[in-house]
Amino acid sequence: MRSASTIRPFLSLLIACSSLFARAQSPEAERFDHILSHYYDRGFLNGSVLIADHGKVIYARGFGEADRTTHTLNTPHTQFDIGSITKQFTAALVLQQVQEGRIRLDAAISDYLPGYRSDTGKRITVEQLLHHTSGLPPDYDSPAFNATALGATPYEPQPFVEEFCQPDLTATPGTQWHYSNCGYDILGLILERVTGLSYESLLKEKILEPLGMRDTGLDHNSLQLPNRARGYERHLGPTYAPGPFLDLTHIYAAGAMYSTVEDLLRWNQALSSDILFSRETREEIFRPGLGDWGYGWFVTTIPADQPGAGSRLAEMRGDMPGNFFSSIMRFPDQDAVIIILRNGYGSSERLEPSLQAVMFDQSPRLPWRKPADVVVRAWQSTAALVQSHPVLSWLAAILCLALVLRQRRRVARCA
């Protein structure tokens, strides 16, 4: 493994050069900008987007506001919560500890966490936790990980796992795929136990600092960040309301990280080189198992009816209900990546498939403005006009009423 002092300048120079390349606005960049501007103008995009090809940034731009109170704009430097993309980093940390001999993939939970429920902890392996085949019930829609009272309740990781992540198994470990946030919280505790470091410290030491990812880290409920995006929920119009509070402490190793599109490009590039992992380990990360899941990625072949049919696709999305939505799409055969971080939670109208179509020189299906958005926007404009010009509004209303009454008298005379 290369030293941090060697890696950081190399990646920083690469990103800087790539950004200069992007400013040239190539024809490909113009096509992406046309599509993304279409989505933004119709209220379907609020966030930052970066697209890179063969390690070069061909497009990077922010859309909308990072903070609607201060009217701070989104940029490629804006920091967003990235939700379940965190799982890629947790899996990577585990694999590093496997390489160093501190963790065995075939070891059971109970080998590292003796306080975990023994009848199931002795049956579930580290590898099964990583692959979502532990037999733990799916919890993507659990109240603990959503915009509910339980999701907003502060819990430290250890007591949270003890109370919510020791349920009866719904399948024999290793036989079925069920997405489990709890499984990755358990992996976070295992990492802390074997290294003696907090998950946050380990993340910084082993991944973020070596890669120069200075705008990435583990988020906290009260963490102050210089370029933070606030989470908003999209409503008709569109209008945006502040998103519901979610306790980040217990979301932890399953989904509590923040990052920027530029830092996630650094991460993407590291997964295409020997900086952090050997070639064999990187191939294992992107080898799909049950549910098309590798180590923190869904890995598939693009179907025949979609742009890029037959090409490999590795993707992951992060969902912070009512606040943030993020996605990374890697196209290894083309050596390309699309990174989207959004702080306008709501309808995206197939944004990712549209960008995939442009990536493969095909025509995307662009969305129309929603009729309900048009009606609400017209009502908002009318209400704003009435509020700003009350006298004229009353005169206009009286005039309209007079015209209606005059028309009714004419109809009555004709009858």
- Note, ³J(HN,Hα) from phi for the range 95-104, Karplus 6.51, -1.76, 1.60, rounded to Hz, x at Gly and Pro: 5, 4, 5, 5, 4, 8, x, 8, 10, 10
- Hey, can you rank 115-123, 324-332, 308-316 by average C-beta count inside 10 Å, highest first? 324-332, 308-316, 115-123
- Residues whose modelled amide H sits under 5 Å from the amide H of residue 66, counting only those 5 or more places away in sequence or on another chain, are 72, 73, 74
- Output ordering of 74-80, 233-239, 182-188 (per-residue mean of other Cβ within 10 Å, highest first) is 182-188, 74-80, 233-239
- Message: Rounded, prolate or oblate, given the Cα gyration tensor of the range 292-346, with a/c below 1.5 counting as rounded?
- Response: prolate
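What relative contact order, as a whole-number percentage, does the range 4-359 give when Cα pairs under 8 Å and 6 or more residues apart are counted?
Once divided by the residue count of the range 4-359, the mean separation gives 24 percent.
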- Query: For the range 195-321, what does the alpha-carbon gyration tensor say about shape, rounded, prolate or oblate, given a ≥ b ≥ c as the root eigenvalues, a/c under 1.5 as rounded, and a/b over b/c as prolate?
  - Reply: oblate
- the range 234-313 versus the range 115-153: alpha-carbon centroid distance in Å: 20
- Item | Shape of the range 4-359, Cα gyration tensor, a/c cut at 1.5 | prolate
- Note on the structure: Sequence order, the range 204-210: Karplus ³J(HN,Hα) from phi using 6.51 cos²θ - 1.76 cosθ + 1.60, θ = phi - 60°, Hz rounded, Gly and Pro as x, gives 5, 5, 8, 10, 5, 5, x
- Out of residues 5 or more away from residue 59 or on other chains, whose amide H comes under 5 Å of its own, with H placed 1.01 Å from N in the peptide plane? 51
- Task: Positive end of the charge dipole of the range 4-359 (Lys, Arg +1 and Asp, Glu -1 on Cβ, about the Cα centre): tell me which of 199, 278, 323 has its Cα farthest that way.
- Result: 278
- Query: Relative contact order of the range 225-322: what whole-number percent is it, with Cα pairs under 8 angstrom and at least 6 residues apart?
  - Reply: 17
- Task: Quick one: which residues, 5 or more positions from residue 228 or on another chain, have an amide H under 5 Å from its amide H? H modelled 1.01 Å from N in the peptide plane, none for Pro or chain starts.
- Result: 79
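Coordinate-derived values only; no laboratory data. Small disclaimer: the values here were computed from a predicted structure and weren't measured. Counting neighbours? That spans all protein chains shown, and the Cβs are built from the backbone with ideal geometry, glycine included.
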